[in-house]
1. Which members of the range 224-249 meet the condition of being of a type in the set (A, V, I, L, M), surrounded by fewer than 18 Cβ atoms within 10 Å (Cβ to Cβ) and not in a loop (DSSP other than H, G, I, E, B)?
2. Filter the range 264-296 down to the residues that are among the polar types (S, T, N, Q) and surrounded by fewer than 12 Cβ atoms within 10 Å (Cβ to Cβ) and list them by number.
3. Please go through (1) of a type in the set (D, E, K, R); (2) free of Cβ contacts under 8 Å to residues at least 60 places away in the same chain; (3) under 22 Å from N134 (Cβ atoms) for D274 and return the number of the only condition it doesn't satisfy.
4. Count, please, the residues in the range 28-79 that happen to be in a helix (DSSP H, G or I) and not β-branched (V, I, T).
5. Within the range 31-42, does at least one residue satisfy the condition of being without any contact (Cβ under 8 Å) to a residue 60 or more places away in the chain and either crowded, with 21+ Cβ neighbours inside 10 Å or within 18 Å of G107 (Cβ to Cβ) (or both)?
6. Among the residues in the range 264-287, are any part of a helix (DSSP H, G or I) and over 16 Å from the mean Cα position of the chain (by Cα)?
7. Assuming L5 fulfils every condition listed in (1) touching a strand residue (DSSP E or B) at 6+ places or on another chain (Cβ under 6 Å); (2) assigned to a loop (DSSP other than H, G, I, E, B) apart from one, which condition is it?
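The values are calculated or read from the model by the stated rules, or taken from the named source; none is laboratory data. Everything numeric in this text was worked out from a predicted model, so none of it was measured. Positions of Cβ are backbone-derived with ideal geometry, glycine not excepted, and every protein chain shown enters the neighbour counts.
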Amino acid sequence: MRIYLAGHRGMVGGAILRRLEARRERNESIELVTRTHAELDLTDQAAVRAFIQAERPDVVILAAARVGGIHANSIYPANFIYDNLMMEANIIHQAFEAGVKRLLFLGSSCIYPKEAPQPMVEDALLTGALEPTNEPYAIAKIAGIKLCESYNRQYGTDYRSVMPTNLYGPGDNFHPENSHVLPALIRRFHEAAQEGRDEVVIWGTGTPRREFLHVDDMAAASLFALDLSREKYEANTQPMLSHINVGYGEDISILQLAKIVARATGFEGKILTDPSKPDGTMRKLMDVSRLKTMGWTPAITLEQGIKQTYRWFLDHRDSVRF
């Protein structure tokens with residue numbers, strides 16, 4: 001089986017790559033195809049067409065995306081919607097043109113309305129207004145789902161979509177302004193502990209609740225969804241509502257999260273909140289009953305995952321994105 005993995009240098013793509021390489025080492029008949037951004041610009045339609053036509057993969061996993069936290073989404077909305085729309089449109093269409101029958105598209109929990117009932121079920125898609133702070137990115141991801149569904153309906157392809165909750169783990173972006181909340185907290189509390197500071201201030205009120213899934217669990221869930229027989233996948237989805245939520249199934253307040261990070265990093269000072277900064281959506285919890293019914297559940301607890309991620313951060317401080 002010849003598999004093209006788009007985005008293999010990203011956090012999620014890297015985790016999927018590790019699992020695929022492990023399968024190959026077990027003598028499974030897998031041939032992996034990857035390209036860096038320098039080698040292939042996925043927003044370039046002609047370049048993507050030439051690449052897919054030359055490589056002729058059997059399966060495509062689309063984990064490539066422009067991602068970032070609230071700050072990055074607020075400052076670069078045009079980049080977030082354009083780059084993600086172009087990448088998914090180019091890859092999905094050119095995969096079809098090259099005869100690729102199976103494709104897995106990775107989206108995001110931000111596809112759901114800001115006021116969606118909690119926990120968020122797959123049926124909540126397109127039932128209300130999106131969270132304004134990441135609306136451009138969310139619209140691009142919704143378009144990716146609908147691209148997959150449209151090719152399935154018109155051409156009989158087997159293009160699937162999985163929607164992860166907030167992810168963290170090895171390979172994350174720890175930049176203080178352009179990262180997501182968990183890696184940003186890990187870096188901030190690490191520096192505070194190292195410098196002996198008395199307090200750390202976190203954005204917002206600390207009351208919003210978030211769900212977190214370790215990236216290794218996400219990789220496992222992605223390949224689980226990809227490996228399902230078409231009959232079982234379609235028995236648990238609908239032609240125009242075909243995506244599957246992937247999450248841990250429990251959430252935690254940002255302040256509680258900060259306390260776990262503080263323990264992991266050895267910070268013993270006070271944790272203060274800054275209500276002048278945006279909270280974003282007050283709660284985002286995925287309903288993962290569909291995936292659970294199919295037979296998959298996560299294996300890594302949040303406390304275990306944060307400790308592991310902090311160890312990875314310490315081991316890779318010279319190479320992580322600051």
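1. A235, L241
2. Hits for the range 264-296 are S276, T293.
3. (2)
4. Count: 16.
5. yes
6. yes
7. (2)
Let's see how each residue does on (1) of a type in the set (G, A, S); (2) buried (at least 19 other Cβ atoms within 10 Å of the Cβ); (3) without any contact (Cβ under 8 Å) to a residue 40 or more places away in the chain; (4) over 13 Å from T281 (Cβ atoms):
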site	(1), (2), (3), (4)
N90	no, yes, no, yes
V100	no, yes, no, yes
K114	no, no, no, no
L126	no, no, yes, yes
